[in-house]
Amino acid sequence: RPPPAARRPPPAGAPRARGTPQDLAMFSDDAYNKNINNDAGEGGAGTLMANWAEERVLREATGEGRTVPQRHIPRSGLLEDFTKVPLVAKKGDDTFNRVYGPKVECEAQAASKTIGVPDRHAGKIVHVGPQAEMLKTGRFQAAEEQVLAEEAEYAKEAQLRRFDTTTGSTHCKPNELLAERAAHGRKSFRDEIIRGPAPDRTLAMHTEALDVHSHTHYSNAETITHPRMCLSDPAMRSDLQASACGGVNAFGKHGEFTKSVAECTLGLAKDEELSKMYDGLKDTNALRQIGGHQPRGPFAAVPSLASLKSAVHNRMRHAWGDYGYVVLRQRLFDVGDPEGFVPKGVVAAILREELGLTADEASDEMLDVWLGQLVTMKASELKIAALLASLRPALPQKDKRRVLEAWRAMAAGGAEARLGTWLDSLADASLRAMVVGAFGAQDEAAVANTAVSEQMFLELLSDLAPFV
């Protein structure tokens, strides 16, 4: 590299240096361009001047160098006038652009205007890694599963049967055990004044047509109607217009007595044959029924409530003997509340575990439907009295009349009878011990003075009647 003094022009007014052109050529730019011709011929840039060493190192390190090939342009007038400008402009690269890059038009703005401006690069720069994204997805899935589970619970609760009402929530049901009679009676005697005294309720209990066969399927039982009641009542049978009950149906038409002698199929002696027919019908039960808990005809494939009751009835007799319904009532009161309510699931557990009722005899769905129909006042609890009234066979009308007559004899015209009076009339020791145990005692003397109402006496005899 030439010394700086050789390249710096002399000051104004200073004497010019004198010497030969060969001596002055040592301090010119041509002295360093040794291979300019060869390089120029090959399209090269020639020998670099000034910082040529730095340029070479920069190109070797970064792969970047001068972008414009440099060529030697001789000065006009050689070195006589250093202030003379060449006729052709020398092309060169822009070092600023090469080092800092091309200039970008950027409008300068005050900091007060840039604060709060949305970032142009927002969302383009990744700030969260794969692990954080995976954890975020897992938390989202767990939260979604939890919300779906809660929504399923809400949907299940929406399908539940609700028994709460505004009146029921405001005015709670009082305890039935604490109920008392009104101090001032409000019974009206309007019906007695218009129609006279009420008739005795036992007058209709000798009619066989009013019996309800709860263990008989309705396809095997006749419907209770007024004509059937009149047919079985001796006082009303004469008022009923019906043919002779000689066919399958009690009210079927029988036309033999209206035919002429020539058309009568019974014989030529029509009057004698009709007399024989009427004598034979005296022993015929016009109210006969087929009976049975198994459904018939198109109902054979339909689950039967009568079959379910019959299965429980048979299991109860096999497990607890003749006093099965009394034992069942005691077991239900042991697990029920003081008001006589018992949970539906507890009843199903007693029937399954203690009686041994199998799924083939009664499925869980059948039990749930049957017990669910008995649930009335509470969401999942039923009355023990309602369960027994539905399960046990209904007491026939004639037997019910005998029970009421026996209670009236013990009550002697009063509203209540004493349990000791009935126990003294029982000759069976086991039956007497069972009745004492049903009232929660071990000794007869402890319950001898217990008051027994008509409903209580009727319920107890209804529990004993199916097996005793």
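The values are calculated or read from the model by the stated rules, or taken from the named source; none is laboratory data. Just so we're clear, the structure is a prediction, and the values are computed from it rather than from any experiment. Every residue, glycine among them, receives a Cβ derived from its backbone with ideal geometry; neighbour counts consider all protein chains shown. To get the accessible areas, we keep the full protein, side chains included, count just its heavy atoms, and leave off ligands, DNA and RNA. Shrake-Rupley method; radii C 1.70, N 1.55, O 1.52, S 1.80 Å.
Of Lys113/Lys136; Lys156/Lys378; Lys309/Lys400, which pairs sit farther than 29 Å apart, going by alpha carbon to alpha carbon?
Values: Lys113/Lys136 36 Å; Lys156/Lys378 19 Å; Lys309/Lys400 21 Å.
Long pairs (Cα-Cα over 29 Å): Lys113/Lys136.
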At q = 0.26 Å⁻¹, base-10 log of I(q)/I(0) for the range 297-344 (Debye sum, equal scatterers on each alpha carbon): -0.95
Percent accessible area from carbon and sulfur atoms, the range 295-416, protein chains only, probe 1.4 Å: 54 percent
Ratio of the Cα radius of gyration of the range 252-295 to 2.2 N^0.38 Å, where N counts its residues: 1.61
Over 26 Å [Cα-Cα, the range 310-447], rounded percent: 34 percent
Equivalent ellipsoid, the range 410-467 (semi-axes from 5 times Cα gyration tensor eigenvalues, Å): 17, 15, 10
Principal axis dimensions, the range 196-338 - Cα atoms, whole angstrom, descending: 74, 51, 26
Highest average packing first - 116-124, 380-388, Cβ atoms within 10 Å: 380-388, 116-124
Rounded accessible area of Arg432 (nearest 10 Å², 1.4 Å probe): 50 Å²
Mean shadow area of the range 196-272, taken as a quarter of the surface of its Cα convex hull (nm²): 8.1 nm²
Per residue, in Å², the accessible surface of the range 263-370 once ligands and nucleic acids are set aside, probe 1.4 Å: 57 Å²
Rounded Å value of the spacing that divides the Cα centres of the range 379-436 and the range 146-224: 21 Å
Chymotrypsin sites (Phe, Trp or Tyr not before Pro) restricted to DSSP loop in the range 212-297 with at most 15 other C-beta within 10 Å: Tyr218, Phe251
Among 445-451, 228-234, the order from most to least packed when residues are scored by Cβ within 10 Å on average: 228-234, 445-451
Mean Cβ count within 10 Å, highest first, over the residues of peptides 191-197, 333-339: 333-339, 191-197
